[in-house]
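Okay, structure first, notes after.
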Amino acid sequence: MKKRGADFQKTIDALLAERGERQRAEEALRISEQRLQDILDNTTAVVFVKDLELRYILVNREYERRHQVQREKIRGKSDFDLHPHDVAELVRANDRQVIEAGAPVQFEESVPMAEGERQYVVVKFLLRDRAGKPYAVCGIATDITELKRSEELQVRRARQAALRADIHGAFCRGAESTLQTMLQRCAEAIVRHLGGVSARLWTLNDRQSALELQASAGPENRLDGEPLSVDEITPSYVRAPVSQLRTGPIAEEGNPQLIEVLLNDDRSDHLKPKGQQGASYPLLVEGRSLGLLELFARESLGQDTLEALEVVADGVAQGIERKRGEEKLARLNRTLQTLYQCNQALVRASEEYELLHSVCRILVEVGGLRMAWVGYREFNEDKTVRPVAQAGYEAGYLARINITWGDTDNGRGPTGTAIRTATTCWTSDNQTDPNLGPWRAEDLSHGYASSISLPLTSNGHAFGALSLHAEEPDAFTESAIEQYTDLANNLAYGVMAIRHARNANRQSVKFANSMRRWRSA
């Protein structure tokens, strides 16, 4: 009996010991699980566990905070219950890739949140039991949204800095580069750094209320899809009244607000292919509008691109203003030098036609004009204008134009009008001037883009005209017209002075001959 009682006691003690050991093990496991949960809940990473059916088993506190969901309510649900379909499809595809690979895989995933889309680097791996059999997929996600934004910001800043440098460089190529060439480099830089299918730069012609296309670049910068080079830019293609362009008011009014223009309706002008989207921004200097910058793309332009365009528009406008100032100063210096040399020719001249040829030559060689000529009126039935001197590129022009000074179609051009009315007459653009019809084809084929005729007068009547032709439209500004008018008046005075001197000399010779005959008688 004693032995039986002792064995029973040993059994009780063993059971109690085993129970205590089990309780200690359970407590240790509970503490371990709590520590694991504490680690998961205090990490800044997003942690989740899904079973092999890709339903949630466990998420940490950061997951709850990010997705604004309680772990009890997410347990047993799939990503299709939590995210938009396209996001859930991508996440599930990544999970399946991990299951199939049987090894850890790293992904970048974009997940929509209440505060906006977030970017994550996610490492996903399988959880296995003691036998090595997988039973769950675990993921640890690190938020890299701010890092991505910082990298994108650096890229944008670098891109904008490179663009600004190219724009600055385009306007620092020296006086030999024309404004059109500089703007073409700017347009190419805009497309290169900002993308898009085409970029265009227009300048505003205030006197004609028209926009003139100076530069065009990009893979789809004209209607036929072929690139448009600077050499192909002609007046017929590039000039359009402001009222006919959808973006015209932006340039004319100088509205500094950047707007987006949809090009899918009938109001789109012919230079903008439909089906594209673009941004137009005025080129402003101290509130004055110089023109318009346009960028077109197949997709919506991002905010960073629009911000870059605003900066670029300011740089281009400053460059245009500076280049125009340099050109104006160069023209003034050239005009002053031209007038000086013409006046020297007037002082030295002793023969009428020598004087006329000298002045025409100086106007071309020093003044940079395409052609200069002098015509005298004839008192015949047709009232023709007879060319008496010329210099520059003429190539048979004067023999074919058939100008009169009568009030007929052939007499209403600049030269005929100047002689008939004794007033200065000019054309700003030979392509469009309505009074230039009979000679338009000849003028354009010879490269005469604008013209001016100044009357050579004596006693209030014109005996001829000095006619000048320039290669560019609007070449004869108000100040240039005043200076050329003074030159024409001086030339007319010089011609009349030579004639008077010649007549006086003839009278002297006639008088001397008369005296000799009288003495001999």
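Test of understanding: among A165, A170, which residue is buried (at least 21 other Cβ atoms within 10 Å of the Cβ) and not β-branched (V, I, T)?
Result: A170 is the single residue among A165, A170 that is buried (at least 21 other Cβ atoms within 10 Å of the Cβ) and not β-branched (V, I, T).
Being of a type in the set (K, R) and over 24 Å from A480 (Cβ atoms) narrows it down to one residue among R370, R412, R322, R386; which is it?
R386
Any idea which of A297, A330, A313 is of a type in the set (G, A, S) and under 16 Å from H168 (Cα atoms)?
Checking each option against the conditions leaves just A313.
Looking only at the range 426-455, which residues are assigned to a strand (DSSP E or B) and either farther than 15 Å from W373 by Cα or out of contact with any strand residue (DSSP E or B) (no Cβ under 6 Å at 6 or more places or on another chain) (or both)?
The one that is assigned to a strand (DSSP E or B) and either farther than 15 Å from W373 by Cα or out of contact with any strand residue (DSSP E or B) (no Cβ under 6 Å at 6 or more places or on another chain) (or both): T427.
Is it true that R66 is modelled with pLDDT of 85 or more and surrounded by 11 or more Cβ atoms within 10 Å (Cβ to Cβ)?
No: the conditions fail for R66.
Yes/no matrix, rows are residues, columns are (1) at pLDDT 95 or above; (2) buried (at least 17 other Cβ atoms within 10 Å of the Cβ); (3) on the phi > 0 side of the Ramachandran plot:
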residue: G367; (1), (2), (3): no, yes, no
residue: D382; (1), (2), (3): no, no, no
residue: N402; (1), (2), (3): no, no, yes
residue: T408; (1), (2), (3): no, no, no
residue: G411; (1), (2), (3): no, yes, no
residue: A441; (1), (2), (3): no, no, no
residue: S458; (1), (2), (3): no, no, no
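The values are calculated or read from the model by the stated rules, or taken from the named source; none is laboratory data. Since the model is a prediction, treat every value here as computed from it, not as a measurement. All Cβ positions, even for glycine, are placed from backbone atoms using ideal geometry, and neighbour counts span all protein chains on display.
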